[in-house]
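Asks: Okay, handing you the structure first.
The values are calculated or read from the model by the stated rules, or taken from the named source; none is laboratory data. Only a predicted model underlies this, so the values are computations on that prediction, with no experimental measurement involved. Here the Cβ is made from the backbone with ideal geometry for all residues, glycine too, and neighbour counts use every protein chain on show. SASA here: full protein model, heavy atoms, side chains in, ligands and nucleic acids out. Shrake-Rupley method; radii C 1.70, N 1.55, O 1.52, S 1.80 Å.
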Amino acid sequence: MNSHSSSDQNTTALEAALAARSSRLPGFYRLSVAQRRAIVASWAGLSAAEANHFDCGLPLERADAMIENVVGCFSLPVGIATNFTVDGRDLLVPMAVEEPSVVAAASHGALMVRAGGGFVTAVDEPVMIGQIQVMGLSAEQMAPACARLRALEADILAVAHAQSASLPRLGGGARALEIRPFPETPAGPMLVVHLLYDTRDAMGANAVNTACEAIAPVIEAATGGQVLMRILSNLADRRLARASCRVPVAQLSKGGLEGAEVARRIVAANALAVVDPYRAATHNKGILNGIDPVVIATGNDWRSVEAGAHAYAARSGQYRSLTDWSVDETSGDLLGSLELPLALGTVGGSSRSHALAATCLKVLGANRSQELAATVASVGLAQNLSALRALVSEGIQSGHMALHARQLALAAGASAEAAHRIAEQMVREGSVRSARAAELVAIGG
Ligand code: MEV
């Protein structure tokens, strides 16, 4: 097939996919940046100004207002993961990341899951936890202090609720108190009051911290103790997101291995991450390879997501895998699931003040924080699936080499289409070097 007819076919397939609003965009990776951008803009209905944010999402004067002592901006590539179907809806997923293979692996994981009907998710109400630490109570004073707090719970919640004008109007606000005595700590007895607070579509750190500071004097008066810290917890385990998937076994065959064998190996690979923290750390890092880039692209706080994910992974007292993989006895399909806290916002923070983050949210079509969490959990599960499938078959290096080869071909001056061919040839020859890329470009690929 000559290159002209293959590119014509590609264009037709892409046009058909766009018309059907399918996220399965064949050959998307072979297009130029400008062509990809035009497709994403048309998919998401971006205005020219919104699409331009892909060039400069953060003007210097905006950056200067965001943090202190600004001298510039740090850029990351933003790529689009394709093939995602989440709860029956096709999505294009923007990912800001420096690591090669991440976007390709997410897209490929999503393609395998797509064949089984896509991701299914369940996301909790967006309830955050704020902590108020009360000191100065003896072990004997603890029980009466807890009883007084219980008796005053409604009053305390009313004070917390009144701190935000907007959240109660939107259906959010203070929900409940939890009282957690710690009779023995290295600093003596202390009491911790949890304020459960629904932050709706905001990540909610500001709202929760404000409410915690406002109720601190009421808590002091009720307990007779002294409040030390008033701050949200990043272990947002009232705000869990769950994604699950079914992968038809035929999708999994790789490197001469039958799909059923790959499925069994993936289950065994996951089992190691359940019992061994050394493997669990790498396994979960692979999940976060998918999660962090979407969190960053949408202007969310990835340190908070990381802290929550790792703390949740250690909730049993041992650090473990965040995923579960099993084989369906009846169909032989591979079944996967992921559960983790995801405190994400679609309003507030930099999700709207950073122009590119706002554009990325528009590409995702995520207006609600729960929708965003559903997508982010799905991307984490897709990423884990791709990593495990590669690790239990031919290893991850061959995929990395293919991408590296493509980068070398592009750097040697190949067009996007020729780069793909040249990369394949270099990998076949086992000679992925810039000199070989230059030779192949010189002879026309
Ligand atoms: C590399 O960035 C991520 C992996 O190590 C994840 C894993 O081992 O599961 C490939």
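The rows are residues; the columns are (1) at positive phi; (2) crowded, with 16+ Cβ neighbours inside 10 Å; (3) away from the ligand (no atom under 16 Å from the Cβ).
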{"position": "71", "(1), (2), (3)": "no, no, yes"}
{"position": "76", "(1), (2), (3)": "no, no, no"}
{"position": "80", "(1), (2), (3)": "no, yes, yes"}
{"position": "103", "(1), (2), (3)": "no, yes, no"}
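Asks: Inside region 110-156, can you point out the residues that are within 21 Å of residue 236 (Cα to Cα) and without any contact (Cβ under 8 Å) to a residue 12 or more places away in the chain?
Replies: none
Asks: Just checking, how many residues over region 324-355 are touching a helix residue (DSSP H, G or I) at 6+ places or on another chain (Cβ under 8 Å), β-branched (Val, Ile, Thr) and either free of Cβ contacts under 8 Å to residues at least 12 places away in the same chain or buried (at least 24 other Cβ atoms within 10 Å of the Cβ) (or both)?
Replies: 1
Asks: For region 245-274, how many residues are without any contact (Cβ under 8 Å) to a residue 12 or more places away in the chain, within 15 Å of the ligand (Cβ to nearest atom) and either farther than 20 Å from residue 380 by Cα or open to solvent by less than 60 Å² (accessible area, probe 1.4 Å) (or both)?
Replies: Looking only at that region, the number is 1.
Asks: Further, regarding this structure: What do you reckon, is residue 234 over 11 Å from residue 127 (Cα atoms), open to solvent by 30 Å² or more (accessible area, probe 1.4 Å) and part of a helix (DSSP H, G or I)?
Replies: Values: over 11 Å from residue 127 (Cα atoms): yes; open to solvent by 30 Å² or more (accessible area, probe 1.4 Å): yes; part of a helix (DSSP H, G or I): no.
In short, no.
Asks: Here is a further query. Against the definition (over 25 Å from residue 96 (Cα atoms), away from the ligand (no atom under 16 Å from the Cβ), among the aromatic types (Phe, Trp, Tyr) and at pLDDT 95 or above), how does residue 278 come out, yes or no?
Replies: Spelling it out, it is not the case that residue 278 is over 25 Å from residue 96 (Cα atoms), away from the ligand (no atom under 16 Å from the Cβ), among the aromatic types (Phe, Trp, Tyr) and at pLDDT 95 or above.
Asks: I've got another one for you. Looking only at region 199-231, which residues are within 27 Å of the chain's Cα centre (by Cα) and crowded, with 21+ Cβ neighbours inside 10 Å?
Replies: Within region 199-231, 199, 200, 201, 202, 203, 204, 207, 208 meet the criteria.
Asks: Of the residues that make up region 343-360, is at least one farther than 30 Å from residue 63 by Cα and at pLDDT 95 or above?
Replies: No, that holds for no residue.
Asks: Need the failing condition index for residue 174 against (1) at pLDDT below 95; (2) touching a Phe, Trp or Tyr at 6+ places or on another chain (Cβ under 6 Å), just the number.
Replies: Condition not satisfied by residue 174: (1).
Asks: Would you check if residue 414 is in a loop (DSSP other than H, G, I, E, B), in contact with a Leu (Cβ under 8 Å, 6 or more places away or on another chain) and away from the ligand (no atom under 14 Å from the Cβ)? Full working, then the answer.
Replies: Values: in a loop (DSSP other than H, G, I, E, B): yes; in contact with a Leu (Cβ under 8 Å, 6 or more places away or on another chain): yes; away from the ligand (no atom under 14 Å from the Cβ): yes.
Yes.
Asks: Give me the pairs: first residue in region 295-317 and over 13 Å from residue 343 (Cα atoms), second residue assigned to a loop (DSSP other than H, G, I, E, B) and aromatic (Phe, Trp, Tyr), beta-carbon distance under 7 Å, and six or more apart or on different chains, which are they?
Replies: Listed pairs, sorted by first residue: 313/319.
Asks: Shifting gears a bit: Name the single residue that is nearest to the ligand (Cβ to nearest atom) among those in region 282-296 being closer than 11 Å to residue 97 by Cβ and open to solvent by 10 Å² or more (accessible area, probe 1.4 Å).
Replies: 289
Asks: Still on this structure: Cβ contacts < 7 Å: first residue touching a residue at least 24 places away in the same chain (Cβ under 8 Å), restricted to region 391-405; second residue polar (S, T, N, Q) and within 13 Å of the ligand (Cβ to nearest atom), any location; separation 6+ or different chain. Result?
Replies: Taking only residues 6 or more apart or on different chains, the pairs are 399/101; 400/101; 403/101.
Asks: Any chance region 379-395 includes a residue that's closer than 30 Å to residue 48 by Cα, at pLDDT 90 or above and either open to solvent by 50 Å² or more (accessible area, probe 1.4 Å) or touching a helix residue (DSSP H, G or I) at 6+ places or on another chain (Cβ under 8 Å) (or both)? Talk me through it step by step, then tell me what you get.
Replies: Applying the first criterion (closer than 30 Å to residue 48 by Cα) to region 379-395 yields 379.
Checking the rest, the ones that are also at pLDDT 90 or above come to 379.
With the extra rule that they be either open to solvent by 50 Å² or more (accessible area, probe 1.4 Å) or touching a helix residue (DSSP H, G or I) at 6+ places or on another chain (Cβ under 8 Å) (or both), the set shrinks to 379.
Yes: region 379-395 contains one or more residues that are closer than 30 Å to residue 48 by Cα, at pLDDT 90 or above and either open to solvent by 50 Å² or more (accessible area, probe 1.4 Å) or touching a helix residue (DSSP H, G or I) at 6+ places or on another chain (Cβ under 8 Å) (or both).
Asks: Just the residues that are open to solvent by less than 100 Å² (accessible area, probe 1.4 Å) and either among the basic types (Lys, Arg) or in contact (Cβ under 8 Å) with a residue 60 or more places away in the chain (or both), please, taken from region 60-69.
Replies: Listed by number, the list holds a single entry, 66.
Asks: For the condition of a type in the set (A, V, I, L, M, F, W, C) and open to solvent by less than 50 Å² (accessible area, probe 1.4 Å), what is the one hit in 435, 411, 358, 442?
Replies: Numbers: 435 fails: open to solvent by less than 50 Å² (accessible area, probe 1.4 Å); 411 fails: open to solvent by less than 50 Å² (accessible area, probe 1.4 Å); 442 fails: open to solvent by less than 50 Å² (accessible area, probe 1.4 Å).
358 is the lone residue from the list that is of a type in the set (A, V, I, L, M, F, W, C) and open to solvent by less than 50 Å² (accessible area, probe 1.4 Å).
Asks: Hey, another quick one. Taking the condition of being of a type outside the set (A, V, I, L, M, F, W, C), more than 20 Å from residue 292 (Cβ to Cβ) and under 24 Å from the mean Cα position of the chain (by Cα), how many residues in region 54-95 meet it?
Replies: Kept after step one, since they are of a type outside the set (A, V, I, L, M, F, W, C), are these residues of region 54-95: 55, 57, 59, 61-62, 64, 68-69, 72, 75, 77, 79, 82-83, 85, 87-90, 94.
Remaining after also requiring more than 20 Å from residue 292 (Cβ to Cβ): 55, 59, 61-62, 64, 68-69, 72, 85, 87-90.
Then keep just the ones that are under 24 Å from the mean Cα position of the chain (by Cα); that gives 55, 85, 87-90.
Here the count works out to 6.
Asks: OK, next. Among 143, 162, 154, which is the only one that is closer than 30 Å to residue 347 by Cβ and surrounded by fewer than 13 Cβ atoms within 10 Å (Cβ to Cβ)?
Replies: 154 is the lone residue from the list that is closer than 30 Å to residue 347 by Cβ and surrounded by fewer than 13 Cβ atoms within 10 Å (Cβ to Cβ).
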